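What follows is a set of notes on a single structure, which appears directly below.
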């Protein structure tokens with residue numbers, strides 16, 4: 001990898017670290033604020049490399065793909081009102097189906113977060 005690619009990847013990593021469960025578009029905007037010369041293809045390639053390297057998780061939530069810098073086994077809560085995603089400690093160990101080799105699991109809870117509930121009570 002040449003020096004330019006290394007510098008670009010460092011900028012992309014810096015941009016991602018400043019975001020919480022960003023979409024690819026949010027990463028593009030954040031990178032553009034740091035260095036507008038980094039192209040879309042370079043950013044997507046870096047995101048895919050980080051996922052393959054285990055540095056990022058790529059998560060699908062109801063037609064929305066986000067990246068998670070917390071690349072360890074954990075669960076999520078998604079608020080159906082504000083779409084906020086909250087990281088949760090692993091809640092339960094689920095026995096994997098027999099004769100299947102499970103590489104990872106993710107339980108996602110959907111509901112209404114505390115902040116949205118407070119707004120409803122007012």
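GNM on the chain, C-alpha springs below 10 Å: top fluctuator among 47, 19, 100?
Greatest mean-square fluctuation among the candidates belongs to 100.
How far apart, in nm, are the 7 Å Cα→Cβ label points at residue 29 and residue 44?
According to this spin-label approximation, the distance is 1.9 nm.
Give me the angle, in degrees from 0 to 90, between the Cα long axis of helix 40-52 and the longest principal axis of the Cα atoms of the chain, rounded to the nearest 10.
50 degrees
Could you work out the relative contact order of the chain? I mean the mean sequence separation of Cα pairs under 8 Å and 6+ apart, divided by the number of residues, in percent.
For the chain, the relative contact order is 19 percent.
Report the Stokes-Einstein translational diffusion coefficient (µm² s⁻¹, integer) for the chain, Rh taken as the Kirkwood radius over Cα pairs, at 37 °C with viscosity 0.692 mPa s.
The diffusion coefficient I find is 201 µm²/s.
How far apart, in nm, are the 7 Å Cα→Cβ label points at residue 65 and residue 88?
Label at residue 65, label at residue 88, 2.5 nm between them.
Quick check: the angle from helix 3-17's long axis to the longest principal axis of the chain, C-alpha only, nearest 10 degrees?
Approximately 30 degrees, to the nearest ten.
Using a 10 Å cut-off around each Cβ, can you sort 50, 20, 110 from fewest to most neighbouring Cβ atoms?
Arranged by neighbour count, lowest to highest, 50, 20, 110 become 110, 20, 50.
Once fully extended, how much extra length lies between residue 14 and residue 114, figured as 0.36 nm per residue of separation less the alpha-carbon to alpha-carbon distance?
The span from residue 14 to residue 114 would gain 33.0 nm if fully extended.
If we count other beta carbons within 10 Å of each Cβ, what is the order of 113, 82, fewest first?
82, 113
May I ask for the angle, rounded to the nearest 10°, between helix 24-34 and the longest principal axis of the chain, with both axes built from Cα atoms and the value confined to 0 to 90°?
40 degrees
None of the figures in this text is laboratory data; all of them are computed from the coordinates on show. Everything numeric in this text was worked out from a predicted model, so none of it was measured. As a convention, Cβ positions derive from the backbone with ideal geometry for all residues, glycine included, and neighbour counts pool all protein chains shown.
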